[in-house]
Amino acid sequence: FLTSIIWTRDLHAHYRIWSLIYYAKRNLPRNEEIRILEVGCWTWINLVEINKINNSIVADWYDLDEEAILLWRQILDRNSISNINLHIEDVTKLTLSENIKYDYILFMDILEHIENDSAFLSSIQDFFTSETEVIISVPTKKYKHIFWEKFHLDAWHVRDGYSHEEILGLFSPYWYKTHYIRYSAWLISQIWLRLFYRTSIPNRHLNGIYKLILLFIFKHIDYLNSDKKSCSMFLVLKK
């Protein structure tokens, strides 16, 4: 029930989804078929939320985590969603059909998990057409300092976040430029993020109540963000 209202009880994940939906509601075509590729989604609900905005999407969703894929197949079946196709595959070794062209490619908190990110992008560069928008969510350099080194390593991050310039450096060989950028999880949110990720709150239901209240507060006071101050960066790139 809580998830249906606020997406997720995880504050940082909430910000990531919020940024995506904020952009999608203002920019994605409605009642028109669009093709979307998402890689490395784990258990997040990006495509499910986009499907609420435009249920004419045709989406492919790739992840290496078999348990996560099986869980989300159950959720999609339970909600009669048949236009999101889930695939169990290592995203760094994708075997995609070159006949399929995607309107949007989502890299939502995946690049920081890939050892050789530039080689990965090179392997799928055929899908970076002139009409394809690239949607990205990554932690910034400040992420590790707020979430703590242990959490950073437990999340299988292979680098200490990205700067805006580093993302542009990765995608500039494919002629991409920044179309939209949004930072989130500034100082006030970081107080809660520090408390939650550095301490143990034993009662998960009580924690859910905390977040139900705090998410709505933080959502409206997350100002003065930048790559130097914030934990999370959301970008949309176009050619």
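What the table below lists for this structure:
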{"item": "Residue check, Glu38 surrounded by 16 or more Cβ atoms within 10 Å (Cβ to Cβ), touching a helix residue (DSSP H, G or I) at 6+ places or on another chain (Cβ under 7 Å) and not in a helix (DSSP H, G or I)", "result": "yes"}
{"item": "Contacts under 8 angstrom Cβ, first residue in the stretch 63-79 being under 15 Å from Glu89 (Cα atoms), partner open to solvent by 80 Å² or more (accessible area, probe 1.4 Å), 6 or more apart", "result": "Asp63/Trp42; Asp65/Trp42; Ala68/Trp42"}
{"item": "Extreme residue, nearest to the chain's Cα centre (by Cα), among residues of the stretch 156-180 that are aliphatic (A, V, I, L, M) and crowded, with 17+ Cβ neighbours inside 10 Å", "result": "Ile167"}
{"item": "Residue within the stretch 107-120 that is under 22 Å from Pro29 (Cβ atoms) and at pLDDT 90 or above present", "result": "yes"}
{"item": "Matching residues in the stretch 142-193 - criterion: being at pLDDT below 95 and among the aromatic types (Phe, Trp, Tyr)", "result": "Tyr143, Phe147, Trp148, Phe151, Trp156, Tyr162, Tyr183, Trp186, Trp192"}
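The values are calculated or read from the model by the stated rules, or taken from the named source; none is laboratory data. In this text the structure is predicted, and so the values were computed from the model without any measurement. For neighbour counting, all protein chains shown are included, and Cβ atoms are generated from backbone atoms with ideal geometry for every residue, glycine included. When the accessible area is computed, the model is the full protein with side chains, heavy atoms only, and any ligands, DNA or RNA have been set aside. Shrake-Rupley method; radii C 1.70, N 1.55, O 1.52, S 1.80 Å.
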